[in-house]
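Enquirer: Have a look at this one.
The values are calculated or read from the model by the stated rules, or taken from the named source; none is laboratory data. The shown structure was predicted, so the numbers you read here are calculated from the model rather than taken from an experiment. Positions of Cβ are generated from backbone atoms using ideal geometry, with glycine treated the same way; all protein chains shown enter the neighbour counts.
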Amino acid sequence: MKHLSIRWNPATREWYCTRCGRISQQTGVQAANAELEQYACELASVETLSVPPGTATRRLIRKPHQMALKIERSGSRFVAANADDGRPFIRLELFHDTIPSLKTIAVGFDLLSGTTLEQARNLVDAMNERIIGVAVTPK
C-alpha cells in the first residue's frame, strides 16, 4: 500500500508517513516518497514483532542536543555596588522569578581594576538603557 500522507517534521528534519510512522531523512518529498515506497504502509501490530529479536532499532527519544532549545526570558536591570573588598562590581537583578535556573544563583560582573564606583554607575546606566532583558537556554 502506498504512503498517502507524507509530512515534513521541522524539529527532526525528517519526512514521515502520518499513517504508519515510517521516516525518511531525504531532502525532498519525492526522494522521501521513493524511499518510503520500499516498505508497506501498515500499522505495527501489538501481538507480532515487526523486527526479529536482536535487530538494531532506532532510538525514538531525541537526545538533548537534537531537540529544539527552549529560550527563557526575563526583564532585568543592572546595579552598581561595592564588593566586600571595596572594588566596584555590577550585579544583575531580575524583575520576576520567571527563569527557574536563575532563582538560586546571583549573577555579577567584575570590573577592571582602577574602575571607580562612579564609572561603574555610568556603565550601569548605559547598560540599563540598551539591555532590556535576559535570555537563557540550556547547552
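Enquirer: Just to be sure I understand the filter: pairs with C-beta atoms under 7 Å, separated by 6 or more residues or on different chains, first member in segment 110-125 and in the same structural domain as Ala81 (by TED's automatic domain parsing), second member among the aromatic types (Phe, Trp, Tyr) and not in a helix (DSSP H, G or I). Which pairs pass?
Expert: Final answer for the pair search is Asp110/Phe89; Leu111/Phe89; Val124/Phe78.
Enquirer: Let me ask something else about it. Just for segment 38-77: of the residues that are of a type in the set (D, E, K, R) and either at pLDDT below 65 or surrounded by fewer than 12 Cβ atoms within 10 Å (Cβ to Cβ) (or both), which one is farthest from the chain's Cα centre (by Cα)? Talk me through it step by step, then tell me what you get.
Expert: Here is the first cut: in segment 38-77, the ones of a type in the set (D, E, K, R) are 42, 47, 58-59, 62-63, 70, 72-73, 77.
Imposing the further condition that a residue be either at pLDDT below 65 or surrounded by fewer than 12 Cβ atoms within 10 Å (Cβ to Cβ) (or both) reduces the set to 42, 47, 58-59, 62-63, 70.
On the way: Glu42: 34, Glu47: 38, Arg58: 23, Arg59: 20, Arg62: 12, Lys63: 12, Lys70: 4 Å.
Result: Glu47.
Enquirer: Report whether or not Thr137 is out of contact with any Ser or Thr (no Cβ under 6 Å at 6 or more places or on another chain) and touching a residue at least 24 places away in the same chain (Cβ under 8 Å).
Expert: Values: out of contact with any Ser or Thr (no Cβ under 6 Å at 6 or more places or on another chain): yes; touching a residue at least 24 places away in the same chain (Cβ under 8 Å): yes.
The answer is yes for Thr137.
Enquirer: What pairs come out if I take residues in segment 7-28 that are without any contact (Cβ under 8 Å) to a residue 12 or more places away in the chain and not assigned by TED's automatic domain parsing to the domain that holds Ala40 and pair them with residues that are part of a loop (DSSP other than H, G, I, E, B) and surrounded by fewer than 11 Cβ atoms within 10 Å (Cβ to Cβ) whose C-beta lies under 6 Å away, six or more apart or interchain?
Expert: none
Enquirer: Also, I was wondering about something else. Taking the options Ala126, Ala80, name whichever one is of a type in the set (A, V, I, L, M), surrounded by 13 or more Cβ atoms within 10 Å (Cβ to Cβ) and over 30 Å from Ala11 (Cβ atoms).
Expert: On the way: Ala126 fails: surrounded by 13 or more Cβ atoms within 10 Å (Cβ to Cβ).
None of the others qualify; the one that does is Ala80.
Enquirer: Within segment 88-132, restricting attention to residues that are of a type in the set (Asp, Glu) and touching a Lys or Arg at 6+ places or on another chain (Cβ under 9 Å), which residue is nearest to Arg77 (Cα to Cα)?
Expert: Taking segment 88-132 as the starting set, the residues that turn out to be of a type in the set (Asp, Glu) are 93, 97, 110, 118, 125, 129.
If we keep only those that are touching a Lys or Arg at 6+ places or on another chain (Cβ under 9 Å) as well, we get 93, 97, 110.
Working: Glu93: 5, Asp97: 13, Asp110: 16 Å.
By that ranking, first place goes to Glu93.
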